[in-house]
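Novice: Pasting a structure here, questions to come.
Every read-out reported here was derived from the displayed coordinates using simple, explicitly stated rules and does not represent laboratory data. For clarity, every value in this text was computed on a predicted model and none was experimentally measured. With ideal geometry, Cβ positions are generated from the backbone for all residues, glycine too; neighbour counts draw on all protein chains shown.
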Amino acid sequence: KNVVPLSSILRYYNIFSTMKKFFYIFAAISLLFVACDESETSVATSSETRVNSFSFHKDTANLGLTEAIYKIEHLSDTGLIYSVDSLRFGTRLDSVVPYITYKATPASATYFLPDTTVVSTGTDTLDFSKGPIYLLVKSSDLNHKRWYRIDINVHQADPDLYVWRKLTDQIFPSQSCQMKVFYANGLLSLFVNNGFATTIYQSADGASWKTAEAPSGLPTPCQVRNILQHGDTLFYATENHLYTSTDLVHWTATDFSSRNFALVNMLVVFDNKSWCILQDRTSQQLFLGTVSGSDILPVESIYGLENGKLPNNFPVSDFAALSFHSSSERPRGMIVGGRTIDGTAVNTRWNLEYELSAGYRMVDFSIEQPSFNTLTGVSIVQYDNRLLMFGGVDNDLEWRSDLLYSDDEGMNWYIPDTTHNQLPDGYTTRQNQSVVIDDDQNVYIIGGQSQTQSLSDVYRGYLNSAKWE
């Protein structure tokens with residue numbers, strides 16, 4: 001019989017033992033890999049369906065998207081996603097990429113648009129210009145879902161557009177006259193003087209006008225363009241008298257003929273005071289003055305003027321005066337253009353301010369920034385942080401632009417972009433028009449004189465954004 005040597009048996013035994021050890025090691029490693037794989041692929045499911053945030057991916061050519069603020073409201077099993085304010089005019093929604101974060105990773109999120117359905121990948125380019133748009137979110141456990149309505153609104157009107165239209169061709173038959181409009185308590189009150197009498201026309205809307213009670217106590221003729229409104233009180237000045245009224249109709253005169261100065265004209269409301277122009281009866285020197293009760297007092301201390309004396313180029317008639325607040329909320333008074341005491345037309349823009357360190361201060365802006373030539377018969381209002389100037393002629397009776405604006409509080413003036421601010425076709429170039437703003441941010445332009453006739457038509461305009469809350 002063949003006998004296997006002991007050495008061979010031992011050798012096979014060692015080989016078998018080594019293989020057995022490798023088997024156990026391999027089995028252990030395999031179990032480890034299986035355990036790791038199970039831990040990595042095991043995902044905890046959720047019943048959560050809420051959207052955390054909504055926005056759009058940045059588009060430098062469509063900045064209205066990223067400038068807007070979006071809000072999410074949750075109800076029981078529905079929700080609403082919307083823009084807090086309408087997006088800026090011109091913002092495009094026809095090719096946008098929405099960006100959404102969720103409370104928990106959903107099983108799916110699907111957009112339902114009017115003409116298509118898109119399962120969200122997070123980078124989808126969609127057309128949000130047509131509505132309604134819905135988003136369906138399904139929870140990862142597949143047991144819950146939530147519908148969201150998405151409302152993204154874009155302003156359909158250009159916020160920078162001024163809308164103008166004519167309200168009436170004629171308040172009264174055309175005639176040579178002066179006029180000035182005032183606004184108070186929801187009523188437009190137009191003073192008209194034809195050299196023989198003063199008539200008041202009133203309107204609540206600028207389109208329909210009626211004759212009010214005839215004013216009493218005013219002189220005839222009356223330069224009604226020189227009437228100054230300060231709160232509920234109207235002021236009018238002649239050489240020897242100051243006329244005041246608190247109801248438009250009844251006027252009271254105070255006699256200053258015995259004083260050593262004469263009244264030249266009312267000027268502007270500034271620092272809660274009614275300012276006027278005075279003239280020394282002896283020296284003929286002009287001074288600034290203020291109304292105090294029934295008295296008028298010269299102003300002696302003004303930085304930029306020597307003892308309150310007005311320079312020779314200071315206007316006394318045909319100027320435009322405006323009271324407003326600067327960007328730093330300081331009260332300002334501005335007197336633009338007009339004619340001097342000897343009738344010379346000027347291009348000055350006098351600025352009246354109050355400074356804590358220097359007191360009252362008066363500066364002529366036209367010295368540093370001569371924006372235009374001589375100018376008379378213009379009207380100025382402050383509107384939407386701009387100054388708007390209407391009409392007027394120069395010293396040679398050449399007609400100026402129908403409309404100018406200033407963004408820097410009267411330092412520089414420009415012709416507006418006609419794509420955004422242009423008076424309507426048929427508007428007649430004019431001077432001595434009367435302009436006022438009502439409580440609803442409407443600008444009214446009333447009457448004036450063209451080269452050939454006296455006008456009593458009415459135009460109303462407004463800036464779109466001034467009407468938005």
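Novice: With θ taken as phi - 60° and the coefficients 6.51, -1.76 and 1.60, list the Karplus ³J(HN,Hα) couplings across the stretch 82-90 in order, rounded to whole Hz; mark glycine and proline as x.
Specialist: 8, 7, 4, 10, 4, 5, 4, 4, x
Novice: A follow-up question, please. List every residue whose amide H lies under 5 Å from the amide H of Leu267, counting only residues 5 or more places away in sequence or on a different chain, with H placed 1.01 Å from N in the peptide plane.
Specialist: Amide H neighbours of Leu267: Trp275, Cys276, Ile277.
Novice: Show that you can apply the helix-only estimate: for the chain, add -39,500 (n - 2.57) for every DSSP H stretch of four or more residues, divide by all residues, and state [θ] at 222 nm to the nearest 500. Don't skip to the answer; put the middle values down first.
Specialist: Numbers: 2 runs with 40 residues, N = 469.
The helix contribution divided over the chain gives -3000 deg cm²/dmol.
Novice: I'd like to know how the stretch 302-377 sits against the 2.2 N^0.38 Å rule of thumb: what's its Cα Rg over that expected value? Present the calculation step by step, with values, prior to reporting the outcome.
Specialist: Working: Rg = 12.6 Å, N = 76, 2.2 N^0.38 = 11.4 Å.
Normalised by 2.2 N^0.38 Å, the Cα Rg of the stretch 302-377 equals 1.10.
Novice: Moving to a separate point now. Give the shape of the stretch 392-469 as rounded, prolate or oblate, defined through the alpha-carbon gyration tensor: a ≥ b ≥ c are the square roots of its eigenvalues, a/c under 1.5 means rounded, and otherwise the shape is prolate if a/b is larger than b/c and oblate if not. Present the calculation step by step, with values, prior to reporting the outcome.
Specialist: Values: a/c = 1.93, a/b = 1.32, b/c = 1.46.
Oblate, since a/c reaches 1.5 and b/c is not below a/b.
Novice: Could you state the number of Å between the C-alpha centres of the stretch 209-252 and the stretch 418-469?
Specialist: A separation of 24 Å, based on Cα centres.
Novice: Between rounded, prolate and oblate, where does the stretch 311-461 land on the alpha carbon gyration tensor, with a ≥ b ≥ c its root eigenvalues, rounded for a/c under 1.5, else prolate if a/b exceeds b/c? Don't skip to the answer; put the middle values down first.
Specialist: Numbers: a/c = 1.89, a/b = 1.26, b/c = 1.49.
Since a/c reaches 1.5 but b/c is at least a/b, the shape of the stretch 311-461 is classed as oblate.
Novice: For Asp439 and Asn272, FRET efficiency with R0 = 22 Å and r from the beta-carbon atoms, rounded to 0.05? Could the numbers behind the result be given before it?
Specialist: Numbers: r = 21 Å, r/R0 = 0.93.
Using R0 = 22 Å, I get an efficiency of 0.60.
Novice: Still on this structure: May I ask you to derive the FRET efficiency for Asn313 and His241 from their Cβ-Cβ distance with R0 = 35 Å, giving the value to the nearest 0.05? Spell out each step's value before the answer.
Specialist: Working: r = 27 Å, r/R0 = 0.78.
Calculated value: 0.80.
Novice: Residue separation times 0.36 nm, minus the C-alpha to C-alpha distance between Ala157 and Asp342: what's the value? The partial results should precede the final answer.
Specialist: Values: separation 185, 0.36 × 185 = 66.60 nm, distance 4.95 nm.
The Ala157-Asp342 span can extend by a further 61.6 nm.
Novice: Now for a different question. Expressed as an acute angle from 0 to 90° and rounded to the nearest 10, what is the orientation of the C-alpha long axis of helix 6-41 relative to the principal long axis of the chain?
Specialist: 20 degrees
Novice: What shape does the stretch 68-129 take by its C-alpha gyration tensor, where a ≥ b ≥ c are the square roots of the eigenvalues and a/c under 1.5 counts as rounded, a/b above b/c as prolate, and the rest as oblate? Walk me through the numbers on the way to the answer.
Specialist: Working: a/c = 1.83, a/b = 1.19, b/c = 1.54.
Cα axes put the stretch 68-129 in the oblate bin.
Novice: Can you pull the Kirkwood radius for the stretch 88-180, inverse mean 1/r over Cα pairs, to one decimal in Å? Each step should come with its number before you reach the end.
Specialist: On the way: mean 1/r = 0.0571 Å⁻¹.
With all distinct Cα pairs of the stretch 88-180 included, I get 17.5 Å.
Novice: Assuming a strict under-25 Å limit between Cα atoms, what lysine pair count do you get for the stretch 33-183 once near-sequence pairs (fewer than 8 apart, same chain) are dropped?
Specialist: The result is 12.
Novice: Here are some values of P(r) over Cα pairs in 10 Å bins from 0, in percent: (1) 4, 16, 22, 19, 14, 10, 7, 5, 3, 1, 0, 0; (2) 4, 19, 26, 25, 16, 7, 2, 0; (3) 4, 15, 20, 15, 10, 9, 8, 6, 3, 2, 2, 2, 2, 1, 1, 0, 0. Which one was computed from this structure?
Specialist: Given (1) 4, 16, 22, 19, 14, 10, 7, 5, 3, 1, 0, 0; (2) 4, 19, 26, 25, 16, 7, 2, 0; (3) 4, 15, 20, 15, 10, 9, 8, 6, 3, 2, 2, 2, 2, 1, 1, 0, 0, the calculated one carries the label (3).
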